[in-house]
Amino acid sequence: MAYHPSQKTKKTVLGIGGIAILAGLNAPAALDFAGEKYHEYKIAQPEYKARYGSWSQVDIPEEYRTNAIHAALLHTGKVLIVAGSGNEQKKFDAGSFDTVLWDPKANTFKKIPTPEDFFCSGHAQLPDGRLLVAGGTARYELLDGEVERAGGGMRVKNESPDKAVFLKKGTRFRSPAGVEYVTRFDVTVPKAKRTFKVTYNKAGVMQPWQTKVTASEARVFVEAVEAGPLSVTDRQAQYEVVGLAGKDADNVYGLSEKITLDKQDFQGIRAAYEFDPVAEKYIPVDPMDKARWYPTLVGLDDGRILAVSGLDDVGVVDPGDNEIYDPKTKKWTPGPKRYFPTYPALFLTKGGKLFYPAANAGYGPADMGREPGLWDLETNTFEKVPGLRDPDETETAASLLLPPAQDQKVMILGGGGVGESKKSTPRTAVVDLKKDNPAFEDGPDLPQGTRYLNSVIMPDDTVFTSNGSEDYRGRSASNILKAQFYVPKENVFKEAAAPRVGRNYHSEALLLPDGRVATFGSDPLFDDQQNTKLGHFEQRMEVFTPPALHKNGAERPVLKDGPKELDEDHRATFRTDHPERIENARLMRPSAVTHTTDVEQRSIALGLTKTAHAVTVDVPKDPTLVPPGWYMLFVTDAEGTPSEAQWIQVKR
């Protein structure tokens with residue numbers, strides 16, 4: 001595309017060019033300035049925006065700037081931005097936890113009192129429009145060389161079938177040799193289990209009942225009272241609980257696990273809350289049975305939520321003790337056991353199985369839970385899916401259920417090696433789950449190896465991808481200032497306008513009700529190419545306006561009045577002045593995204609009927625395709641220009 005600068009711009013460029021010539025070859029700054037001026041001119045042109053889109057920065061008052069670790073779109077149209085302690089030890093120590101509610105339409109902000117450290121929690125949309133938030137941070141990590149007091153797990157036993165025992169934070173355990181360890185968290189040990197057994201003698205006469213008591217157990221992280229290596233132990237021993245007397249002292253005791261001076265990982269919490277978008281506050285519900293840090297929460301077809309993986313209360317990856325939240329009872333029950341690395345991407349598929357594309361965001365060994373496959377929750381079986389290129393580079397990969405959801409295709413994009421690996425891949429791959437023997441097939445490569453890519457489904461069935469970095473946490477100034485659209489029908493990428501703000505670890509992107517894309521966060525390890533200056537969290541927000549909204553004078557289809565719920569036939573009718581312009585309708589689930597993992601977003605193709613002044617949409621009744629909850633309804637014209645969304649609730 002040719003561009004024709006104005007005379008003023010031409011003079012500016014020529015003038016700067018003259019300065020550059022006079023300065024000679026040692027004037028890269030002048031040349032860079034000239035190039036930057038021309039670039040700014042070029043991307044401001046209507047033709048450019050209509051082809052590639054545009055970016056704008058959100059004006060955030062200083063008191064509302066925060067470390068965006070999590071972002072979720074609510075059915076009020078507002079965005080919940082959750083930081084918790086925001087990966088800042090000082091805030092954690094001070095108990096200073098942040099949540100900010102942003103209204104994109106009015107560009108207003110509100111601080112929300114935050115009762116727990118939801119840093120690295122999990123979240124999922126509930127059928128009534130509330131957001132379930134569970135897990136978070138109980139303790140920050142200590143790296144190798146930082147650990148002064150030996151620490152590890154203490155299994156606390158209770159042999160009393162008559163009462164539970166509560167041990168508050170700071171309780172001490174003492175070994176026979178006098179070595180003491182102190183708890184860093186409260187712990188409740190349930191009552192022991194009492195069972196009765198009836199036996200009969202040879203004559204068939206019932207004998208007196210035999211009573212069996214099985215001790216209950218809870219685990220808690222403990223730390224040595226004294227610094228140094230003398231408190232290190234790899235042998236299991238029995239510890240008395242200091243301060244208990246009488247029968248309690250006989251019934252309650254500790255059994256140590258391995259207690260070392262090794263690196264101590266982050267530890268999770270059990271807390272769970274529902275965020276009410278109308279009242280705009282967190283409401284406590286029953287806590288999870290297991291503590292979780294870096295868990296995935298995924299909605300099921302019946303409206304319940306499955307919680308998977310996470311680091312537990314002593315900093316160990318959960319072995320597979322998954323659990324299910326019922327929004328009707330506000331309680332948790334055990335789910336099917338299966339191990340996954342932390343923040344695994346799990347997508348609800350037609351028929352109710354969950355598909356794991358192997359994309360995840362973190363902790364766990366390289367040889368466990370890294371293979372993609374279909375998980376049948378009812379039988380707890382896992383069918384592996386072959387064909388994925390670069391299978392050792394799925395950590396920090398993006399993934400999504402491609403639009404429309406009826407196609408049942410899942411895509412994985414980029415990713416890197418386990419942990420702090422420098423490896424990253426440009427690989428994309430797509431699997432068609434409708435096939436009898438599904439297998440991944442390569443898609444088009446990204447421009448370069450990419451970790452932390454943000455990927456957002458658009459109303460026109462494209463996927464907008466942006467940012468990321470080539471190395472771990474943007475190391476060595478490896479942020480990627482690029483964006484592109486993936487077009488599923490053509491299986492190609494098309495260039496989009498480049499973002500100005502680099503984003504890697506702890507960044508998010510989501511679709512807004514007006515059809516734009518908001519991007520948040522970034523937590524680089526270093527701020528310079530030489531990796532000598534510690535990184536600073538990126539608190540700027542950028543919004544991408546897609547090309548379609550720059551075309552035709554930004555004229556777009558308009559949906560007017562309509563219902564907030566579907567009728568008994570799963571239909572809804574909306575008034576519109578120009579039904580002839582409307583070509584397609586999509587029901588789009590709002591995002592709840594963190595750590596490149598967004599298992600909520602999905603787009604469902606709808607049936608469409610037009611009358612003189614209205615359109616009627618038909619929504620599929622299959623809850624495995626359309627889980628219960630609030631959705632954005634978009635319609636698009638022949639060029640893919642979207643309307644602003646109307647919110648509608650799908651009930652089961």
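The values are calculated or read from the model by the stated rules, or taken from the named source; none is laboratory data. No experiment lies behind these values; they were computed from the predicted model shown. Note that each Cβ is placed from the backbone with ideal geometry, even for glycine, and that neighbours are counted across all protein chains shown. These accessible areas exclude ligands, DNA and RNA; they are computed on the full protein's heavy atoms, side chains included. Shrake-Rupley method; radii C 1.70, N 1.55, O 1.52, S 1.80 Å.
Shape verdict for the stretch 321-434, please, from the Cα gyration tensor: rounded (a/c under 1.5), prolate (a/b greater than b/c) or oblate. Cα axes put the stretch 321-434 in the oblate bin.
Output the antiparallel fraction of DSSP beta bridges having both residues in the stretch 420-527, as a percent to the nearest 5. Intermediate values should be presented prior to the final figure.
Details: 23 of 24 bridges.
The answer is about 95 percent antiparallel.
The alpha-carbon of residue 533 sits under 19 angstrom from the alpha-carbons of these aspartates and glutamates, leaving out residues fewer than 8 places away in its chain: 88, 420, 470, 471, 523.
The angle between the Cα long axis of helix 7-23 and the main principal axis of the chain comes to about 70°, on a 0 to 90 degree scale.
Kindly provide the Kirkwood hydrodynamic radius of the stretch 104-156 in Å, to one decimal, from all pairs of distinct alpha carbon atoms. Write out the running numbers ahead of the final one.
Numbers: mean 1/r = 0.0652 Å⁻¹.
For the stretch 104-156, inverting the mean 1/r across all distinct Cα pairs yields 15.3 Å.
Summed over the residues of the stretch 416-457 and divided among them, the accessible surface reaches 40 Å² per residue at a probe radius of 1.4 Å. Based on Cα atoms of the stretch 320-380, Rg over Rh with Rh as the Kirkwood radius reads 0.99. Could you calculate the FRET efficiency of residue 249 with residue 96 from 1/(1 + (r/R0)^6), where r is the beta carbon distance between them and R0 is 41 Å, rounded to 0.05? Once the sixth-power term is evaluated, E becomes 0.55. Per residue, the convex hull spanned by the Cα atoms of the stretch 235-384 measures out at 189 cubic angstrom.
By how many nm would the segment from residue 476 to residue 368 grow when fully extended, if each residue of separation counts as 0.36 nm and the alpha-carbon distance is taken off?
On the way: separation 108, 0.36 × 108 = 38.88 nm, distance 2.93 nm.
The span from residue 476 to residue 368 would gain 36.0 nm if fully extended.
Dividing the summed helix terms, -39500 (n - 2.57) for each DSSP H run of n ≥ 4, by the number of residues in the chain produces a 222 nm estimate of -2500 deg cm²/dmol to the nearest 500.
In this simple spin-label approximation, residue 302 and residue 210 carry label points 7 Å from Cα along the Cα→Cβ vector, and these lie 3.8 nm apart.
Look at the dipole of the chain built from charges on Cβ: of 592, 160, 340, the Cα furthest out on the positive end belongs to 160. With 5 Å bins beginning at zero, the pair-distance distribution over Cα atoms of the stretch 165-274 amounts to 2, 9, 17, 18, 15, 11, 8, 6, 5, 4, 3, 1, 0 %.
Structural descriptor for the chain: relative contact order 12 percent, calculated from alpha carbon pairs under 8 angstrom and at least 6 residues apart.
If Lys and Arg each add +1 and Asp and Glu each add -1, what is the summed charge of the other residues whose beta carbon sits under 12 Å from the beta carbon of residue 631?
Working: positive: 564, 586, 589, 602, 651; negative: 565, 600.
Neighbour charge sum, excluding residue 631 itself: +3.
Across the stretch 541-652, counting alpha-carbon atoms alone, Rg and Dmax equal 14.6, 46 Å.
In this simple spin-label approximation, residue 177 and residue 540 carry label points 7 Å from Cα along the Cα→Cβ vector, and these lie 5.7 nm apart. For the stretch 145-225, the list of trypsin sites (Lys or Arg not before Pro) that fall in a loop by DSSP and count at most 12 other C-beta atoms within 10 angstrom reads 168, 169, 202. As an exercise, use a Förster radius of 41 Å and the Cβ-Cβ distance of residue 624 and residue 33 to find the FRET efficiency, rounded to the nearest 0.05. Rounded to the nearest 0.05, the efficiency is 0.15. Counting only protein heavy atoms and a 1.4 Å probe, the stretch 265-344 has 33 square angstrom of accessible area per residue.
Measure off, as a whole percent, the carbon and sulfur share of the 1.4 Å-probe accessible area of the chain, all protein chains present. Working shown, then result.
On the way: 14460 of 28700 Å².
In the chain, the share of accessible area belonging to carbon and sulfur is 50 percent.
Distance cut-off 23 Å, Cα to Cα: go down the list 263/384; 49/482; 191/328; 163/212; 78/610 and report the pairs above it. Long pairs (Cα-Cα over 23 Å): 263/384; 191/328; 78/610. Rounded to the nearest Hz, the phi-derived 3J(HN,Hα) couplings of the stretch 598-611 under the Karplus curve 6.51 cos²θ - 1.76 cosθ + 1.60 (θ = phi - 60°) are 9, 8, 7, 4, 7, 10, 10, 6, 10, x, 9, 10, 10, 10, where x marks glycine and proline.
Report the extension gain between residue 379 and residue 577 in nm, rounded to one decimal, defined as 0.36 nm multiplied by the number of residues separating them, less their alpha carbon distance. Write down the numbers at each step before the final one.
Details: separation 198, 0.36 × 198 = 71.28 nm, distance 5.07 nm.
Gain on extension, residue 379 to residue 577, equals 66.2 nm.
Exposed loop sites were defined as chymotrypsin sites (Phe, Trp or Tyr not before Pro) in DSSP loop states (anything but H, G, I, E or B) carrying at most 13 other C-beta atoms within 10 Å; in the chain the longest segment without such a site runs 210-652.
At an R0 of 35 angstrom, the distance between the Cβ atoms of residue 43 and residue 421 translates into a FRET efficiency of 0.50. Note on the chain: dipole from Cβ charges, positive end direction compared against 481, 366, 377; the farthest Cα belongs to 377. Using only the Cα atoms of the stretch 96-219, build the gyration tensor, take square roots of its eigenvalues as a ≥ b ≥ c, and label the shape rounded, prolate or oblate: rounded if a/c is under 1.5, else prolate if a/b is larger than b/c, else oblate. Here the stretch 96-219 falls in the oblate category.
Solvent-accessible surface of the stretch 524-624, averaged per residue with a 1.4 angstrom probe and all protein chains in place: 47 square angstrom.
Of the residues 550, 530, 458, the one whose Cα sits farthest towards the positive end of the charge dipole of the chain is 458 (charges of +1 on Lys and Arg Cβ, -1 on Asp and Glu Cβ, taken about the Cα centre). Which of the GluC sites (Glu not before Pro) across the stretch 102-201 are loop residues per DSSP, with 11 or fewer other Cβ within 10 Å? Hits after loop and neighbour filter: 146.
Report the far tail of the P(r) of the stretch 429-486, meaning the percent of Cα-Cα pairs longer than 18 Å.
Summing the P(r) tail past 18 Å for the stretch 429-486 gives 47 percent.
Once the Cα atoms are used to define both axes, helix 28-43 deviates from the longest principal axis of the chain by about 80 degrees.
How big is the Rg/Rh ratio for the stretch 155-228, C-alpha atoms only, Rh by Kirkwood, two decimals? Walk me through the numbers on the way to the answer.
Working: Rg = 18.8 Å, Rh = 14.9 Å.
Rounded to two decimals, Rg over Rh is 1.26.
Under the combined filter of DSSP loop state and at most 14 neighbouring Cβ atoms within 10 Å, the stretch 88-131 retains these trypsin sites (Lys or Arg not before Pro): 105. If you take log10 I(q)/I(0) by the Debye sum over Cα atoms at q = 0.06, 0.07, 0.09, 0.10 Å⁻¹ from the coordinates, which of (i) -0.40, -0.54, -0.89, -1.08; (ii) -0.55, -0.68, -0.92, -1.02; (iii) -0.38, -0.51, -0.80, -0.95 do you get? After the calculation, the listed value that fits is (iii).
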